[in-house]
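First comes the structure, then the notes that go with it.
The values are calculated or read from the model by the stated rules, or taken from the named source; none is laboratory data. No experiment lies behind these values; they were computed from the predicted model shown. Here the Cβ positions follow ideal geometry from the backbone for every residue, glycine too, while neighbour counts run over all protein chains shown.
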Amino acid sequence: SEEGIVPIDLGLMKVMSLGFLLPSQDDAVIWRGPMKMAVIKQFLKDVVWGDLDYLVIDSPPGTGDEPLSVCQLIGRVDGAVIVTTPQKVAAVDVRKSVTFCRRLDVPVLGIIENMSGFACPKCGEVTPILRAGGGRRIAEDMGVPFLGSIPMDPKVAEACDDGRAFIAHYAETATAKIMRSILEPIAAQYDAEDRTAAAHPQNDKEST
């Protein structure tokens, strides 16, 4: 539009991805650091986000150009959630990510263990597939909060394929309840901080 790039609106959230702008789904993005930084800057400044409660940026694994560009462009990042899988091989990248955040003064809100077992679509029972507990062990070793474990659930893929927000469309499933148990404490923390800042604007200004 004349105002800027319009994100896809799913009702509960707005989504923007570089993939939406490619001429074909088969096109590959082969860019060096400066080009990556330029498109991240464009997404932050030129996308018509409107009034948001939270802006969540999903970065690729590791400590490359993308997360560094985000931190440099935004300046003050409220926090980072680091997602891992249970097996030991994933621990290396997670440890580097925690160290990366600490060096850039980005608060680590915690670690989530994804793909933590398989949730049966019929009974909901979670069956371990990969070695369990890796996320919790890394969190304890690195001294950061462990936020929870999310199982593989076929309904998540189904919701994504249909363009629906899983946590709303399948709100009563065990997996959605796990997701809410992870999200709600984080949201409550920032809501409390916003209320404190609103009650003491002068103190907040001085601390900035």
Restricting segment 53-64 to residues that are within 17 Å of S17 (Cβ to Cβ) and touching a helix residue (DSSP H, G or I) at 6+ places or on another chain (Cβ under 7 Å), which is surrounded by the fewest Cβ atoms within 10 Å (Cβ to Cβ)? P60
First in segment 176-192 and among the aliphatic types (A, V, I, L, M), second anywhere and surrounded by 12 or more Cβ atoms within 10 Å (Cβ to Cβ) and part of a helix (DSSP H, G or I), Cβ under 7 Å, 6 or more apart: A176/F166; A176/I167; M179/I167
For segment 76-116, which positions are part of a loop (DSSP other than H, G, I, E, B) and closer than 23 Å to P185 by Cα? R76, V77, D78, G79, T85, P86, D105, V106, P107, N114, M115, S116
Scan segment 36-68 for residues that are in a helix (DSSP H, G or I) and hydrophobic (A, V, I, L, M, F, W, C) and report the count. 7
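Being among the hydrophobic types (A, V, I, L, M, F, W, C) and either farther than 14 Å from K45 by Cα or in contact with a Leu (Cβ under 7 Å, 6 or more places away or on another chain) (or both) is the filter here; which residues of segment 1-29 pass it?
As a first pass, look at segment 1-29 and keep what is among the hydrophobic types (A, V, I, L, M, F, W, C): 5-6, 8, 10, 12-13, 15-16, 18, 20-22, 28-29.
Listed by number, the residues that qualify are I8, L10, L12, M13, V15, L18, F20, L21, L22, A28, V29.
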The correct count of residues that are surrounded by 10 or more Cβ atoms within 10 Å (Cβ to Cβ), closer than 19 Å to R76 by Cα and under 19 Å from the mean Cα position of the chain (by Cα) in segment 43-52 is 3
Which numbered condition S1 fails, given (1) surrounded by 13 or more Cβ atoms within 10 Å (Cβ to Cβ); (2) at pLDDT below 85; (3) polar (S, T, N, Q): (1)
Hey, could you check segment 86-114 for residues that are of a type outside the set (D, E, K, R) and farther than 30 Å from I74 by Cα and say which is surrounded by the most Cβ atoms within 10 Å (Cβ to Cβ)? P86
Go through D51, D105, D93, D58 for me and flag whichever is among the acidic types (D, E) and in contact (Cβ under 8 Å) with a residue 12 or more places away in the chain. D93
